[in-house]
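Have a look at the structure that comes next, please.
The values are calculated or read from the model by the stated rules, or taken from the named source; none is laboratory data. Since the model is a prediction, treat every value here as computed from it, not as a measurement. All Cβ positions, even for glycine, are placed from backbone atoms using ideal geometry, and neighbour counts span all protein chains on display.
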Amino acid sequence: MNPELSRRDLLKIASTGAAMLTLGLFLPGRRADAASLAPLEPNAFVRIDSNGRVTVIAKHLEMGQGSHTGLATLVAEELDADWSQVQVEGAAADAARYQNLFWGGSQGTGGSSSLANSWKQLREAGASARLMLVNAAAERWGVPAAEIRVERGVLSHRAGHRAGFGELVEAAARQPVPTQVKLKSPGEFRLIGRHVPRLDSRDKTTGRARFTQDVQLLDMLTAVVAHPPRFGARLRGIDSQAAAKLPGVVEVVRFDHGVAVLGRDFWSAKTGRDALKLDWDESAAMSEGSAELLASYRGLASQPGAVARRLGDADAILNRGGRVLEADFVFPFLAHAAMEPLNCVVHLRPDGCEIWNGEQMQTGDQAAVAKLLGLKPQQVKLNMLYAGGSFGRRANPAADYVLEAVSIARAARHRGPIKMVWTREDDLRAGWYRPLYLHRVSVTLDEHGRPLAWRQRIVGQSIMTGTPFEAFGVKNGIDSTSVEGAANLAYQVPHLQVELHSTQNQVPVQWWRSVGHTHTAYSTEVMIDQAARAARQDPVAYRLALLDQHPRHAAVLKLAAERAGWQRPFQQKGPRGLRRGRGVAVHESFGTVVAQVAEVALARDGSLKVERVVCAVDCGIAVNPDVIRAQLEGGIGYGLAAILHGAVTLEGGRVQQSNFHDYPVLRINEMPRIEVHILPSDRPPSGVGEPGVPPIGPAVANALAHIEGRWPTVLPLKTRSA
Amino acid sequence: MYEIHVNGRAHQVDAAADTPLLWVLRDHLQLTGTKYGCGMALCGACTVWLDGQPNRSCSIPLSAVGKAKVVTIEGAEGRATQAVQAAWQKLDVVQCGYCQSGQIMSAAALLSRNQRPSDAEIDAAMGGNICRCATYPRIRAAIHEAAKQLRGRRA
């Protein structure tokens, strides 16, 4: 059969029917493979070759969270493929086919949405491929389709017929693309909910996995950028004589907002960059430090802000006087500090622009690059590679580092590909941090000790204002990501008021794994713990009594407490003056509810060690329980790094940190033992990439309060950490 | 021009004397399994073996490599490496994977000299390897698992 014909047939069929199923024609970047002369491509998400290989086209970035394995599982489940025949390929940038269904037409990865938004879509993709194979077999064998079984990549009929996917793809490709498919009920799942190994384990344990950093192209140069010493500084003058003379340095490129050195390799480029003599105009640059920002935030916290949530009249109750629990919580700027420092490969050609990147926000980056270059978005080709972590950083609302790489390529004389590589210092100092926040929380209790009024003022920069996300993320001056987790406080409080002061300064800020929940979970869960203590009640029982309207919160809280042995006496005294405590926290983010019980040990010298964390999670149907456990473990470790150590501080507008010696992160000796318990559920899956992060901070803080009777309110705790 | 020995072969390298071994491996020899993470021997992503010992290749200038036998993740062989890689895959240790070449080089070096490491010994050997995905519990478990396999095979 002529493969061109079959594709044309499919196109005709798709244009006349198939509302949901789009066509997967001529996917860019596909390997020419002798075995795939007549592949079955019923939609944009799956391709089956005549050798039986099932390729799932992943519309989401794999940055460690297991999205590729999860997406492939959804397809393979409904296809009844054998896991060993499944492989994954990154999708092209094409919002029409690969949009994030939660992001209104835009393609990208974030908000713990990969599996959740693909849940139905990718199962349908698998089911329609399966149906076409079944119909082809029914025709060939002359038996009713309903009598054909599909199991682990093999179709069979009781009359003795048997065929693998590969034998049937050509015939199946001639079958009409189904307009409706029946999906399995959870009882029929064979892969979902079971142990399915990650698809990227082998390549990532042998050094073969390819990241942006590893891209090698013919005639490629490496670019290392000199970033401004302070945010808002502008390049006035440049003496590049010394740099240009260095061996391996090819070109010094001055572009819109900076200067880069192109070298034959990284080291030449970096040596050249370091040899530049630069004169910066800092007259309009950031001049404040973190301390000044915080002082002004404290002033704002004394004034009413824009109201994000109002229930009852908290002001009136608080103004009545009586005992008020009040605390100021301070959260520093945080860098993402993924293991792979930011980088991007760009090749400008007369007819367009090709980019190789751990691409987290295709549509936004494509639009930004197209606008800069005066191209159509489809002339910007994006090749999706693995990202060596991101934690939100590669989904930059201003496409910052991608545009920087493109700007360098545009300004350079060199016409071949350019790999821009940031050093770790660039990565930590160039901004786009989790914003600095101050929360002031004031709470009064009723005669039973329950919260009567709760007022929370949040002060900090808005992430979405001034970005393309403003239109749907900022309403009436409230950036939803500044107040999420507080404005929707789960606890029953009759008088609740959450206010926001959105501040402005020159520090670029953006989402950081779990976004607003990184600070709201801490302040709300520490405050509720203080309330429980003031009411002389058990922290778990106290919370449960206020969670009537939130059974999922209550269920994970009970499960975590039970598995942690909360009801059993807890040994607080350890050897050599060691004091131990345990604390609990529960928080919902991205549709997933997580409770954690942390056990910490405080040594005489003030050093603390988190020894054990028991975690319970309700994330809907557990597609891959082992990946879920891994994400919760990782989220706890990532959150703990921030709570113990994480702080980017500014002094006189200058970022003080530069590398892992002064921006310490968690190391293996600080990692607690972790148990993850997954609550059974029949709800559609919600995300797990971020929700492990928010509860660990308050759980540790509450454990410290168990020891010392006071709650830490200024983060990080590093001055006392081991 | 320098001659260095990498993965069992001699290579002529035309690079400045101060070029870190990491960038010689990555940019001159196209051995990209060894990763750049910090450039200051703080994170361990660039860990390779020099004469069997784990070293941070980002902080070893080309001129200092001398006659040392350099082994990268691409050339890592032997029972300890195989056991570590098998355990890593069995327990699905990896997440983003960027640090894992370095983790594996450190872990295999540990197990080649100590086939019954305690948690404290694992902390000491692996303390220089950062993983931002915090795969640490699985790294620890996989090292114990690999150690068990190595002891079992010898018996």
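What number of residues in the stretch A:624-650 are buried (at least 24 other Cβ atoms within 10 Å of the Cβ) and of a type in the set (Asp, Glu)?
Residues that pass the stated criteria total 1.
For every residue, the table says whether it meets (1) within 22 Å of the chain's Cα centre (by Cα); (2) under 23 Å from A:Ala116 (Cβ atoms); (3) free of Cβ contacts under 8 Å to residues at least 24 places away in the same chain.
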residue: A:Ala535; (1), (2), (3): no, no, no
residue: A:Ala545; (1), (2), (3): no, no, no
residue: A:His553; (1), (2), (3): no, yes, no
residue: A:Leu578; (1), (2), (3): no, no, no
residue: A:Phe590; (1), (2), (3): yes, yes, no
residue: A:Val600; (1), (2), (3): no, no, no
residue: A:Ser607; (1), (2), (3): no, no, no
residue: A:Ala616; (1), (2), (3): yes, yes, no
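Considering B:Leu42, B:Leu50, which residue is within 20 Å of B:Asp18 (Cβ to Cβ) and touching a residue at least 24 places away in the same chain (Cβ under 8 Å)? Talk me through it step by step, then tell me what you get.
On the way: B:Leu50 fails: touching a residue at least 24 places away in the same chain (Cβ under 8 Å).
None of the other options fit; the residue is B:Leu42.
Looking at (1) more than 12 Å from chain B (Cβ to nearest Cβ); (2) within 12 Å of A:Val700 (Cα to Cα); (3) crowded, with 24+ Cβ neighbours inside 10 Å, which is the only condition A:His587 fails?
(2)
Also: Filtering the stretch A:341-358 down to residues that are outside any strand (DSSP E or B) and more than 14 Å from chain B (Cβ to nearest Cβ), which residue is surrounded by the fewest Cβ atoms within 10 Å (Cβ to Cβ)? Write out each step before concluding.
Restricting attention to the stretch A:341-358, the residues satisfying the condition of being outside any strand (DSSP E or B) are A:341-342, A:350-351, A:358.
Checking which are more than 14 Å from chain B (Cβ to nearest Cβ) leaves us with A:350-351.
Working: A:Pro350: 5, A:Asp351: 7.
This residue is A:Pro350.
Of all residues in the stretch B:29-46, count the ones that are surrounded by fewer than 21 Cβ atoms within 10 Å (Cβ to Cβ) and more than 7 Å from every other protein chain (Cβ to nearest Cβ).
2
For the stretch A:259-340, list the strands (runs of 3 or more DSSP E) that sit wholly inside it and hold at least 3 residues that are not assigned by TED's automatic domain parsing to the domain that holds A:Leu500; which are they? First the steps, then the outcome.
Details: elements: A:277-281, A:306-311, A:325-331.
By residue number, A:277-281.
Oh, and also: Among A:Val693, A:Val700, A:Val676, which is the only one that is buried (at least 22 other Cβ atoms within 10 Å of the Cβ) and farther than 18 Å from A:Ser523 by Cβ?
Details: A:Val693 fails: farther than 18 Å from A:Ser523 by Cβ; A:Val700 fails: farther than 18 Å from A:Ser523 by Cβ.
Only one candidate passes the filter, namely A:Val676.
Here is a list: A:Val181, A:Val196. Which entry is touching a helix residue (DSSP H, G or I) at 6+ places or on another chain (Cβ under 8 Å), aliphatic (A, V, I, L, M) and more than 14 Å from chain B (Cβ to nearest Cβ)?
Of the residues listed, the single one that is touching a helix residue (DSSP H, G or I) at 6+ places or on another chain (Cβ under 8 Å), aliphatic (A, V, I, L, M) and more than 14 Å from chain B (Cβ to nearest Cβ) is A:Val181.
Here are A:Phe333, A:Phe329: which of them is within 15 Å of A:Leu500 (Cβ to Cβ) and surrounded by 14 or more Cβ atoms within 10 Å (Cβ to Cβ)? Steps first, answer last, please.
On the way: A:Phe333 fails: within 15 Å of A:Leu500 (Cβ to Cβ).
Testing whether each residue is within 15 Å of A:Leu500 (Cβ to Cβ) and surrounded by 14 or more Cβ atoms within 10 Å (Cβ to Cβ) leaves just A:Phe329.
Here's a check for you: in the stretch A:64-122, which residue that is more than 20 Å from A:Gly358 (Cα to Cα) and among the aromatic types (Phe, Trp, Tyr) is nearest to the other protein chains (Cβ to nearest Cβ)?
Here the answer is A:Trp83.
Separate question: What pairs can you find where one residue is in the stretch A:499-517 and farther than 28 Å from A:Val594 by Cβ and in contact (Cβ under 8 Å) with a residue 60 or more places away in the chain, the other is β-branched (Val, Ile, Thr) and in a strand (DSSP E or B), and their Cβ atoms are less than 6 Å apart, with a gap of 6+ or different chains?
Pairs that qualify, where the first residue is farther than 28 Å from A:Val594 by Cβ and in contact (Cβ under 8 Å) with a residue 60 or more places away in the chain and the partner is β-branched (Val, Ile, Thr) and in a strand (DSSP E or B), are A:His501/A:Val459.
When you check A:Trp119 against the structure, is it more than 23 Å from A:Pro186 (Cβ to Cβ) and either of a type in the set (A, V, I, L, M, F, W, C) or assigned to a loop (DSSP other than H, G, I, E, B) (or both), yes or no?
So A:Trp119 does not fit the description; no.
Consider A:Trp511 carefully, then state whether it is touching a helix residue (DSSP H, G or I) at 6+ places or on another chain (Cβ under 8 Å), over 16 Å from A:Ala703 (Cβ atoms), among the aromatic types (Phe, Trp, Tyr) and modelled with pLDDT of 95 or more.
So A:Trp511 fits the description; yes.
Just checking, does the stretch A:631-653 include any residue being among the hydroxyl-bearing types (Ser, Thr, Tyr) and facing chain B (nearest Cβ under 10 Å)?
Within the stretch A:631-653, the first condition is being among the hydroxyl-bearing types (Ser, Thr, Tyr), and the residues that meet it are A:638, A:649.
When the remaining residues are screened for being facing chain B (nearest Cβ under 10 Å), the result is A:638.
The answer is yes, given that some residue of the stretch A:631-653 is among the hydroxyl-bearing types (Ser, Thr, Tyr) and facing chain B (nearest Cβ under 10 Å).
Here is a follow-up. Check A:Val623, A:Val627, A:Val584 and return the single one that is of a type in the set (A, V, I, L, M, F, W, C) and in a strand (DSSP E or B).
Working: A:Val623 fails: in a strand (DSSP E or B); A:Val627 fails: in a strand (DSSP E or B).
It is A:Val584.
Quick one: in the stretch A:203-255, which of the residues that are basic (Lys, Arg) and in contact with a helix residue (DSSP H, G or I) (Cβ under 7 Å, 6 or more places away or on another chain) is farthest from the other protein chains (Cβ to nearest Cβ)? Break it down stepwise before answering.
Initial filter on the stretch A:203-255 (basic (Lys, Arg)): A:204, A:208, A:210, A:230, A:234, A:236, A:245, A:254.
Imposing the further condition that a residue be in contact with a helix residue (DSSP H, G or I) (Cβ under 7 Å, 6 or more places away or on another chain) reduces the set to A:204, A:254.
Values: A:Lys204: 3, A:Arg254: 24 Å.
If we take residues in the stretch A:203-255 being basic (Lys, Arg) and in contact with a helix residue (DSSP H, G or I) (Cβ under 7 Å, 6 or more places away or on another chain), then A:Arg254 is farthest from the other protein chains (Cβ to nearest Cβ).
Which of the residues spanning the stretch A:665-686 are in a loop (DSSP other than H, G, I, E, B) and within 30 Å of A:Ala327 (Cβ to Cβ)?
Step one: filter the stretch A:665-686 for residues in a loop (DSSP other than H, G, I, E, B), giving A:665-667, A:671-672, A:679-686.
Result: A:Val665, A:Leu666, A:Met671, A:Pro672.
I'd like to verify a number: residues in the stretch A:658-673 that are surrounded by fewer than 23 Cβ atoms within 10 Å (Cβ to Cβ), closer than 17 Å to A:Ala337 by Cβ and in contact (Cβ under 8 Å) with a residue 40 or more places away in the chain, how many?
So the count comes out to 5.
Using the structure shown, decide if A:Gly466 is part of a loop (DSSP other than H, G, I, E, B), surrounded by fewer than 17 Cβ atoms within 10 Å (Cβ to Cβ) and modelled with pLDDT under 95.
On the way: part of a loop (DSSP other than H, G, I, E, B): yes; surrounded by fewer than 17 Cβ atoms within 10 Å (Cβ to Cβ): yes; modelled with pLDDT under 95: yes.
For A:Gly466, the condition - part of a loop (DSSP other than H, G, I, E, B), surrounded by fewer than 17 Cβ atoms within 10 Å (Cβ to Cβ) and modelled with pLDDT under 95 - is met.
Collect the residues in the stretch A:485-504 that are closer than 28 Å to A:Ala641 by Cβ, of a type outside the set (Val, Ile, Thr) and either surrounded by fewer than 20 Cβ atoms within 10 Å (Cβ to Cβ) or outside the structural domain of A:Val459 (by TED's automatic domain parsing) (or both), keeping them in residue-number order.
Listed by number, the list holds a single entry, A:Asn488.
Just a yes or no: is a residue in the stretch A:57-64 modelled with pLDDT of 50 or more and in a strand (DSSP E or B)?
Within the stretch A:57-64, one or more residues are modelled with pLDDT of 50 or more and in a strand (DSSP E or B).
So A:Thr271 fits all but one of (1) buried (at least 19 other Cβ atoms within 10 Å of the Cβ); (2) away from chain B (no Cβ under 11 Å); (3) closer than 27 Å to A:Gly653 by Cα; what number is the exception?
The number of the failed condition is (2).
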